[in-house]
Amino acid sequence: MELHQLRYVVAVVRTGNFSWAAEQCHVSQPSLSQQIQKLEEELGERFLDRLRTCARLTPAGATLHARAVRILAEVEA
């Protein structure tokens, strides 16, 4: 697990969209998507339901998101 992967998940949740999150994170959408998929594979859970117009958290994703927000806040402090 890497910090940029957590930042990407938080950005997708904030924007509700992979493309907008990638734009805010200054990376390409495929790169952001691949990193989130890599994190999901590493942890053995699906965190986001990818819908046509948006992305939504799964129950495991909600847990990860809450922890990611705390971790990133601690890192910034």
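The relative contact order of the chain, computed from alpha carbon pairs under 8 Å that lie at least 6 residues apart in sequence, is 32 percent. Only DSSP H runs of four or more residues enter the estimate; each adds -39500 (n - 2.57), and after division by the residues of the chain the mean residue ellipticity at 222 nm equals -22500 deg cm²/dmol.
Remark: spin-label model distance Met1-Arg46 equals 2.1 nm, labels positioned 7 Å along the Cα→Cβ axis.
Principal semi-axes of the equivalent ellipsoid, √(5λ) from the alpha carbon gyration tensor of the chain, are 17, 15, 12 Å from largest down. Less than 5 angstrom separates the built amide H of Leu48 from those of Thr58, all sequence-distant by 5 or more or on a different chain. Between Gln34 and Glu74, the C-beta separation translates, for a Förster distance of 30 Å, into a calculated FRET efficiency of about 0.70.
Each reported figure results from applying straightforward, stated rules to the coordinates on display, with no laboratory input. On a predicted model such as this, the values are computed, not experimentally measured, just so you know. Note that each Cβ is placed from the backbone with ideal geometry, even for glycine, and that neighbours are counted across all protein chains shown.
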